[in-house]
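The values are calculated or read from the model by the stated rules, or taken from the named source; none is laboratory data. Source: prediction; values computed, not measured. Using ideal geometry, Cβ is built from the backbone for each residue, glycine included, and neighbour counts are taken over all protein chains shown.
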Amino acid sequence: MLVRAHGIVCGLRDEIDRCLPQPKCGGTTVSDGLIPKGVARVEMEDTPEPEHFVFLLVPNMSMLAFSAAIEPLRVANQLTGKVLYRWTMMSEDGASVRCSNGVELGADCALGDTPAGSHIFVCSGVQPELATSQKVADWVRFQWRSGRTVGGLCTGAYTLARAGILKGKSFTLHWENQIPFRETYPDLEVSEQLYVIDDRIMTSGGGAAATDLFLKLIYERHGPMLSQAVLNMCLHFVHRSDADSQQSSKSAALGIRNEKLIQIITMFDDLLDQQIDLDELAYKVGISRRQLERLFVRHIGKTPKRYLVDLRLQRARALMAETDLPVSEVAAACGFETVSHFSKRFREQFGMSPYSFSVAKS
């Protein structure tokens, strides 16, 4: 199935809105798509200069994050009856791109020139390290050096990192990919925030977080009345802050409120690459080892050792899925004393050896 996302006709605004080097770059005109008809209305006296967004589609991108970003722009145009926003879909070669859910999105054109003042967002998703070519990374770096705003949706930060433009910047990406990202780029400090705006670098954690980021951009450009109306049209209910966490609290996620247990679990996360002494952790939170064992069985249904092993295996699987680290380094990074012990546990949990998993994922 091929879905043609709404883009602009290159050449619509003379030299400003043209896409090179593909003269056949297509899309929709203002009259047949950029201002859809709707009942709700927000009056706007002025007609500001439209902002231009370029969405760079890479293989296995998240369709959810892409839709969550582009729909607020479409809704803003619809509500005001004005072309506040224009957008172009690009891919490396101009061909359609298959999303992680198997749906193909059509691109307007291949990599090329962009209008001055454009906002360029890399739309990424599954296996982001494999999805970005050096050509794409070089193009993104050129856009950044040319004064464009550059962003990443979901795991788009991988492309920005490969482009070499994240050093000293605040940024984020989807929480599931943050552990392997840190292993791949240990010199970069990734944030766990919902979305981050750092001057001309804009990133979001994927999913609905893209809507929060784009609502922020609409608010800053056109004020609270329009941003609130867009929020209501998207049934988003509340505009979350950039400082909000991507994940619910440990207490909410696990459905537990015992503070001692939450403290222990948090320490597990922080010390996962080290040898953990359960007696010592129990002492630090003011309970006995026996009390610790009872808390885990009562509230989680596992012993603390079993929970810890499962946690380590989950992290190991994430590292192996998103990085090219050898099995020995993955084992060490997840706190396993030996590769043989790690391999045995991995096979028990996932039905294959870590070596077989590495081959299968590639």
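Key figures
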quantity	calculated
Those residues of the range 43-99 which are under 18 Å from the mean Cα position of the chain (by Cα), outside any helix (DSSP H, G or I) and among the aromatic types (Phe, Trp, Tyr), in sequence order	PHE53, PHE55
Subset of the range 128-145 [under 10 Å from VAL58 (Cβ atoms) and crowded, with 16+ Cβ neighbours inside 10 Å]	PRO128, ALA131, THR132, VAL136
Flag if GLN274 is out of contact with any Leu (no Cβ under 7 Å at 6 or more places or on another chain), over 16 Å from ARG182 (Cα atoms) and assigned to a loop (DSSP other than H, G, I, E, B)	yes
Condition met for ALA76 (modelled with pLDDT of 95 or more, more than 20 Å from TRP175 (Cβ to Cβ) and out of contact with any Leu (no Cβ under 6 Å at 6 or more places or on another chain))	no
Considering residues of the range 166-194 that are modelled with pLDDT of 95 or more and part of a strand (DSSP E or B) only, the residue farthest from ARG148 (Cα to Cα)	THR172
Which numbered condition GLY102 misses (of (1) closer than 24 Å to ALA321 by Cβ; (2) touching a strand residue (DSSP E or B) at 6+ places or on another chain (Cβ under 9 Å); (3) in a loop (DSSP other than H, G, I, E, B))	(2)
Those residues of the range 151-175 which are under 14 Å from the mean Cα position of the chain (by Cα) and hydrophobic (A, V, I, L, M, F, W, C), in sequence order	LEU153, CYS154, ALA157, LEU160, ALA161, PHE171, LEU173, TRP175
Lone qualifier among LEU272, LEU313, LEU308, LEU295 - being farther than 25 Å from THR184 by Cβ and either surrounded by 15 or more Cβ atoms within 10 Å (Cβ to Cβ) or in contact with a helix residue (DSSP H, G or I) (Cβ under 6 Å, 6 or more places away or on another chain) (or both)	LEU295
Of the criteria (1) over 27 Å from the mean Cα position of the chain (by Cα); (2) over 16 Å from ASN258 (Cβ atoms); (3) not in a helix (DSSP H, G or I), which one HIS341 fails	(3)
Residue within the range 308-320 that is assigned to a loop (DSSP other than H, G, I, E, B), modelled with pLDDT under 90 and of a type in the set (S, T, N, Q) present	no
Sole exception among (1) farther than 28 Å from GLY81 by Cα; (2) touching a His at 6+ places or on another chain (Cβ under 6 Å) for LEU215, by number	(1)
Pairs where the first residue, in the range 269-297, is within 20 Å of PHE336 (Cβ to Cβ) and the second is of a type in the set (Val, Ile, Thr) and part of a helix (DSSP H, G or I), C-beta under 6 Å, 6+ apart	LEU281/ILE264
Which listed residue is over 17 Å from MET63 (Cα atoms) and either in contact with a helix residue (DSSP H, G or I) (Cβ under 8 Å, 6 or more places away or on another chain) or among the acidic types (Asp, Glu) (or both), from ALA163, ALA157	ALA163
Test for ALA107: is it under 22 Å from GLU129 (Cβ atoms) and either touching a residue at least 40 places away in the same chain (Cβ under 8 Å) or aromatic (Phe, Trp, Tyr) (or both)	yes
ALA116 vs. criteria under 21 Å from the mean Cα position of the chain (by Cα), surrounded by fewer than 21 Cβ atoms within 10 Å (Cβ to Cβ) and either at pLDDT below 95 or not in a loop (DSSP other than H, G, I, E, B) (or both)	no
Residue within the range 104-114 that is within 18 Å of THR155 (Cβ to Cβ) and assigned by TED's automatic domain parsing to the domain that holds ARG162 present	yes
Sole exception among (1) in contact with a strand residue (DSSP E or B) (Cβ under 7 Å, 6 or more places away or on another chain); (2) not in a loop (DSSP other than H, G, I, E, B) for ASP138, by number	(1)
